[in-house]
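The values are calculated or read from the model by the stated rules, or taken from the named source; none is laboratory data. Just so you know, these numbers come straight off a predicted model, no measurement behind them. FYI the Cβ positions are ideal-geometry reconstructions off the backbone, even for glycines, and counts take in every protein chain you see. Surface accessibility is based on the protein's heavy atoms, side chains included, excluding ligands, DNA and RNA. Shrake-Rupley method; radii C 1.70, N 1.55, O 1.52, S 1.80 Å.
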Amino acid sequence: PSVPHYTNRLINEKSAYLLQHAHNPVDWHPWGQEAFDKAKTENKLIFLSVGYSTCHWCHVMEEESFKSKEIGEIMNEHFVCIKVDREERPDVDKVYMTFVQATSGGGGWPMSVWLTPDLKPFAGGTYFPPEDGVHHVGFRTVLLRIAEQWKENKDALLESSQRILEALQRTSEIRVQGQGSPPPAKEVMDTCFQQLSRSYDEDYGGFSKSPKFPTPVNLNFLFTYWALHRTTPEGARALQMALHTLRMMAHGGIHDHIGQGFHRYSTDQHWHVPHFEKMLYDQGQLAAVYSRAFQISGDEFFADVVRDILLYVSRDLSDHAGGFYSAEDADSYPSTTSGEKREGAFCVWATEELRALLPDPVEGATERTTLGDVFMHHYGVEEAGNVDPMKDPHQELKGKNVLIARCSLELTAAQFGLEQGQLNALLQECRQRLSSARAQRPRPHLDTKMLAAWNGLMISGFAQAGAALAEQGYVSRAAQAAAFLRTHLFNPDSGRLLRSCYRGKDSSVEQSAVPIQGFLEDYVFVIQALFDLYEASLEESWLEWALHLQHMQDKLFWDPKGFAYFSTEAGDPSLLLRLKDDQDGAEPTPNSVSVINLLRAACYSGHMDWVEKAGKILAAFSERLQKIPITLPEMVRATAVFHHTLKQVVICGDPQGEDTKEMLHCVRSVFSPNKVLMVADGDSTGFLYRQLPFLASLERKDGKATAYICSNFTCSLPVTSVQELHGMLSS
């Protein structure tokens with residue numbers, strides 16, 4: 001690489017996104033006091049640019065504008081320029097995204113916002129092309145107009161920014177109304193189901209035409225709705241909607257058939273042409289939801305998808321110290337000699353390439369059939385490429401194919417006169433050859449930042465998969481990652497989580513000079529992960545840590561006046577708003593997950609004030625839950641669990657005994673959305689016995705492993721039959 005012409009302050013940062021901009025001619029600052037002081041001292045506006053390292057349009061805006069010497073000079077002359085990695089600082093991102101969405105009706109990244117020197121926003125948008133066009137104003141023009149406004153109409157601009165901030169404070173507030181109580185579960189569940197049912201795509205699954213996102217929160221809601229309405233037509237439809245969506249996603253191009261794992265979303269209705277980046281949070285949530293699909297259906301198809309996701313994460317997103325990396329980029333160089341990156345280059349195929357890799361004749365097939373013929377038929381490969389030009393505006397995929405399973409195995413086998421077992425083996429051989437060929441291509445950029453929240457989601461994925469599929473290796477991987485969090489993203493002196501750490505030189509794990517403290521989502525997803533890991537491993541130390549973190553979350557984020565949790569701590573003067581997320585998106589909103597975390601915490605500790613807190617969260621969101629529950633499907637699910645009361649499934653027995661293992665396997669193989677699992681092993685000095693005195697009164701019947709199903713610490717008659725236990729859990 002050539003010696004860079006420019007180097008700015010971002011060269012001292014750890015974030016891959018900030019480092020990508022360290023050699024722009026723009027005098028970028030990281031978010032912090034130095035930049036704020038400079039803006040005030042020099043009486044300059046702030047230009048804030050927010051994005052993340054695997055964001056396609058962030059790369060485009062950098063290439064077009066931030067690498068331009070001329071545009072860089074305009075930015076440096078008139079503005080103090082700040083770069084923020086939204087994955088490191090979701091708090092900053094949320095404040096200014098709230099402004100952009102409120103003033104423009106849309107949002108996204110890169111986010112471009114202009115602030116007064118005291119950080120109040122007054123203008124903003126997302127991606128700007130560099131120059132004016134017929135239907136748009138260019139970035140250069142916007143910069144110059146705003147600079148002129150500041151010069152000519154500073155007082156009006158300051159007044160406007162103050163009014164905007166006050167309006168945002170009013171409209172973004174979420175608080176309990178009067179004596180508020182949790183909304184009724186049945187009405188909220190039914191409304192949410194009806195809203196999802198109306199938006200459901202009967203042909204291809206999913207809940208919109210295009211673009212199509214995986215939305216695990218919708219699928220988890222539908223599974224819970226089915227579990228509570230098993231014998232009704234609505235329950236049957238809920239299950240069909242969820243399972244059909246998961247099948248179509250797994251067959252689609254959003255699923256990487258060669259390299260495993262799932263891309264971010266589909267640009268079309270058919271789950272075919274994806275936006276190719278791969279995010280850790282998607283892999284974690286999808287591993288969990290496909291595990292539930294396997295529990296419910298018993299269909300190995302879903303178990304295979306779980307194994308596929310976890311293979312990808314273990315191989316490509318895992319740090320040797322145990323943590324999980326954040327993401328892989330969508331863009332890469334098509335070949336080692338290419339000068340320009342293209343979206344999807346690592347994943348797509350030309351027909352001639354496939355023929356050259358798969359020339360072998362297929363024994364027993366119709367005459368002169370090659371491996372390539374079979375593979376290309378099954379995966380929808382077309383001579384001129386199978387990507388609709390409308391979904392490829394920059395013609396990056398012209399003449400290329402995105403693999404999508406167009407036929408069932410039965411149809412492909414019949415087409416070529418093959419046995420299904422033989423076809424399976426042939427397709428496996430083809431995929432292996434393509435994987436080897438793909439390994440020779442330049443890889444997409446890997447963001448090796450490790451985030452507590454996303455690691456929590458991935459630990460849950462491994463732990464739930466390990467329990468549902470009875471795969472101890474997955475549970476061990478989850479435990480390794482949890483130990484990594486305790487070592488690298490937890491401060492034992494303060495008892496607090498940290499947000500992020502980074503792969504450093506020589507594969508060490510590094511921390512930034514001033515570590516970023518954990519946000520609400522870090523606590524929530526790590527606590528959820530630790531509960532999942534306890535249920536999969538029965539290691540009580542994870543339970544103990546989860547309860548400690550729940551106390552810390554209450555202390556740092558709870559709103560005693562309006563109820564529910566703020567996303568950020570109090571006391572940061574650079575944050576103009578303390579917000580509460582009110583929409584489940586790519587990840588569930590932390591307050592949604594907190595409801596079930598609090599109910600689980602109460603079951604494991606006996607602290608019933610946590611049940612009361614869960615009810616207060618639901619009360620704070622009651623109006624939204626009753627009017628538009630489709631925006632909070634995870635909280636709707638939590639509402640049902642709250643009203644149905646979590647059942648404590650207690651197995652009395654030696655955890656190493658075969659009879660105990662049989663019962664544990666039974667509990668883990670059944671999808672039951674309102675249960676927690678614990679083992680009473682007779683050790684009265686153990687953590688659980690100290691928390692829950694009632695366990696001491698439960699005994700093994702006739703010397704056998706015995707199950708009790710308890711509600712509010714009152715237990716059923718003892719059960720020693722696995723079949724009887726299965727029936728009780730399924731009812």
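Considering the dipole of the chain built from charges on the beta carbon (Lys and Arg +1, Asp and Glu -1) around the Cα centre, which of His136, Val475, Thr116 is farthest to its positive end?
In the chain, that residue is Thr116.
Among 546-558, 84-96, 156-168, 506-518, how do they line up by average Cβ neighbours within 10 Å per residue, starting with the highest?
Per-residue Cβ counts within 10 Å, averaged per peptide and sorted highest first, yield 84-96, 546-558, 156-168, 506-518.
How much length, in nm to one decimal, is gained on full extension between Ser199 and Ser494, taken as 0.36 nm per residue of separation minus their Cα-Cα distance?
On the way: separation 295, 0.36 × 295 = 106.20 nm, distance 4.65 nm.
Result: 101.6 nm gained on full extension.
Could you sort Asp155, Asp582 by accessible area so the largest value comes first, with the probe set to 1.4 Å?
Asp155, Asp582
Can you tell me what percent of all Cα-Cα pairs in the range 155-291 are more than 17 Å apart?
Numbers: 6251 of 9316 pairs.
Of all Cα-Cα distances in the range 155-291, 67 percent exceed 17 Å.
Could you report the range 230-280's accessible area per residue, 1.4 Å probe, as an integer in Å²?
Dividing the accessible area of the range 230-280 by its residue count gives 27 Å².
So, R0 is 60 Å and r is the distance between the beta-carbons of Ala102 and Thr714; what FRET efficiency does that work out to, to 0.05? Mind dumping the intermediate values first?
Working: r = 49 Å, r/R0 = 0.82.
The calculated FRET efficiency here is 0.75.
Please state the shape class of the range 280-427: rounded when a/c is under 1.5, otherwise prolate if a/b exceeds b/c and oblate if not, all from the C-alpha gyration tensor.
Oblate shape, in that a/c is at least 1.5 and b/c is the bigger or equal ratio.
Give the accessible area for Cys603 in Å² (nearest 10); use a 1.4 Å probe, count only protein heavy atoms, and leave out ligands, DNA and RNA.
10 Å²
On a 24 Å Cα-Cα criterion, which of the cross-link pairs Lys449/Lys616; Lys120/Lys555; Lys186/Lys616; Lys94/Lys449 come out too long?
Working: Lys449/Lys616 35 Å; Lys120/Lys555 28 Å; Lys186/Lys616 18 Å; Lys94/Lys449 20 Å.
Where the Cα-Cα span goes over 24 Å, the pairs concerned are Lys449/Lys616; Lys120/Lys555.
What do you reckon, how do Met111, Met248 stack up by accessible area (1.4 Å probe), largest on top?
I get Met248, Met111, largest accessible area first.
With a sphere of radius 11 Å drawn around the Cβ of Met189, what net charge do the other residues whose Cβ falls strictly inside it have (Lys, Arg +1; Asp, Glu -1)?
Net charge in that neighbourhood comes out at -1.
Take the alpha carbon atoms of the range 423-441, find their center, do the same for the range 33-112, and report the distance between the two centers in whole angstrom.
42 Å
Convex hull over the Cα atoms of the range 246-321, averaged projected area in nm²?
Quarter of the Cα hull surface area: 5.1 nm².
Nothing charged except the Cβ atoms of Lys and Arg (+1) and of Asp and Glu (-1): what's the magnitude of the dipole of the range 648-730 about its Cα centre? Round to the nearest 20 debye.
In debye, rounded to 20, the range 648-730 gives about 260.
Between Gly727, Phe346, Ala696, whose Cα lies farthest towards the positive end of the dipole of the chain when Lys and Arg beta carbons carry +1 and Asp and Glu beta carbons carry -1, centred on the Cα centre?
Result: Ala696, furthest along the dipole toward the positive end.
May I ask you to compute the full-extension gain from Ser297 to Ala236, defined as 0.36 nm times their residue separation minus their alpha-carbon distance, rounded to one decimal in nm?
Working: separation 61, 0.36 × 61 = 21.96 nm, distance 1.23 nm.
Here the segment from Ser297 to Ala236 would lengthen by 20.7 nm.
In debye, nearest 20: dipole of the chain around its Cα centre with unit charges on the Cβ of K, R (+) and D, E (-)?
Working: 69 positive and 93 negative charges, 227 e Å.
Using Cβ point charges on Lys, Arg, Asp and Glu, the chain gives about 1100 debye.
Cα gyration tensor of the range 10-172, axes a ≥ b ≥ c as square roots of the eigenvalues: rounded (a/c below 1.5), prolate (a/b > b/c) or oblate?
Because its axes are fairly even, with a/c under 1.5, the range 10-172 counts as rounded.
Between rounded, prolate and oblate, where does the chain land on the alpha carbon gyration tensor, with a ≥ b ≥ c its root eigenvalues, rounded for a/c under 1.5, else prolate if a/b exceeds b/c?
It is oblate, given that a/c is not under 1.5 and a/b is not larger than b/c.
Give the separation of the Cα centroids, the range 648-676 to the range 598-625, in Å.
The two parts, judged by their Cα centres, are 25 Å apart.
Just order 234-241, 635-642 by mean Cβ neighbour count inside 10 Å, highest at the front, would you?
Highest mean packing first, the order is 635-642, 234-241.
Quick one: net charge around Val362, please, counting Lys, Arg +1 and Asp, Glu -1 for every other residue with C-beta under 11 Å from its C-beta.
Local charge sum for Val362: -4.
Residue by residue through the range 53-61, which ³J(HN,Hα) values in whole Hz follow from phi under the Karplus form 6.51 cos²θ - 1.76 cosθ + 1.60 (θ = phi - 60°), with glycine and proline marked x?
5, 9, 8, 4, 6, 5, 4, 4, 5
When only Cα pairs under 8 Å and 6 or more residues apart are kept, what is the percent relative contact order across the range 58-150? Walk me through the intermediate numbers first.
Working: 89 pairs, mean separation 23.8, N = 93.
Worked out over the range 58-150, it gives 26 percent.
Between Lys67 and Gln656, what length comes free when the chain is fully extended (0.36 nm per residue of separation minus the Cα-Cα distance, one decimal in nm)?
205.9 nm
Which net charge results when you count Lys and Arg as +1 and Asp and Glu as -1 among the other residues whose beta-carbon is under 12 Å from that of Val649?
+2
Using r as the Cβ-Cβ distance of Ala696 and Gln480, and R0 as 30 Å, what FRET efficiency do you calculate, to the nearest 0.05?
0.35
Keeping all protein chains in the complex and leaving out DNA, RNA and ligands, what accessible area do you get for Phe301 with a 1.4 Å probe, in Å² to the nearest 10?
Probe radius 1.4 Å; accessible area of Phe301 about 60 Å².
For the chain, what is the relative contact order in percent, using Cα pairs closer than 8 Å and at least 6 residues apart in sequence? Spell out each step's value before the answer.
Values: 1368 pairs, mean separation 85.9, N = 731.
Reported as a whole number, the value is 12 percent.
Among Ala405, Ser335, Gly364, whose Cα lies farthest out toward the positive end of the dipole of the range 332-443, if unit charges sit on the beta carbon of Lys, Arg (+1) and Asp, Glu (-1)?
So the residue furthest toward the plus end is Ser335.
If I take R0 = 25 Å and measure r between the Cβ atoms of Ser730 and His644 in this structure, what FRET efficiency does the formula 1/(1 + (r/R0)^6) give, to the nearest 0.05?
0.95
Starting from the amide H of Lys647, placed 1.01 Å from N in the peptide plane, find each other amide H under 5 Å away whose residue is 5 or more places distant or on another chain.
Placed amide hydrogens put Lys675, Val676 under 5 Å from Lys647.
Which of Lys14/Lys209; Lys212/Lys341; Lys209/Lys627; Lys40/Lys505; Lys38/Lys505 have a Cα-Cα distance over 27 Å?
Pairs exceeding the cut-off: Lys14/Lys209; Lys40/Lys505; Lys38/Lys505.
Less than 20 Å from a label point 7 Å out along the Cα-to-Cβ axis of Lys154: which backbone N atoms in the range 40-71 qualify, by residue?
40-48
How do Phe687, Phe713 rank by accessible surface area computed with a 1.4 Å probe, from largest to smallest?
Of Phe687, Phe713, the descending order of accessible area is Phe713, Phe687.
Any idea how far apart Met390 and Ala414 come out in nm if each label point goes 7 Å out from Cα toward Cβ?
For the pair Met390/Ala414, the computed spacing is 3.1 nm.
I'd like the carbon and sulfur percentage of the solvent accessible area for the chain, probe radius 1.4 Å, heavy atoms only, ligands and nucleic acids excluded.
Using a 1.4 Å probe with all protein chains present, the chain comes out at 50 percent carbon and sulfur.
Check the chain for me: any Cys whose beta-carbon has no other cysteine beta-carbon within less than 4.7 Å?
Cysteines lacking a close Cβ partner in the chain: Cys81, Cys192, Cys347, Cys407, Cys430, Cys501, Cys603, Cys652, Cys666.
Using θ = phi - 60° and the Karplus form 6.51 cos²θ - 1.76 cosθ + 1.60, what ³J(HN,Hα) does each residue of the range 38-49 get, whole Hz, x for Gly and Pro?
Result, ordered by residue: 4, 4, 6, 4, 8, 6, 10, 5, 9, 9, 10, 10 Hz.
Output ³J(HN,Hα) for the range 178-191: one whole-Hz value per residue in order, computed from phi by the Karplus curve 6.51 cos²θ - 1.76 cosθ + 1.60 with θ = phi - 60°, and x for Gly and Pro.
Calculated HN-Hα couplings, in order: x, 8, x, 9, x, x, x, 5, 4, 5, 5, 4, 5, 5 Hz.
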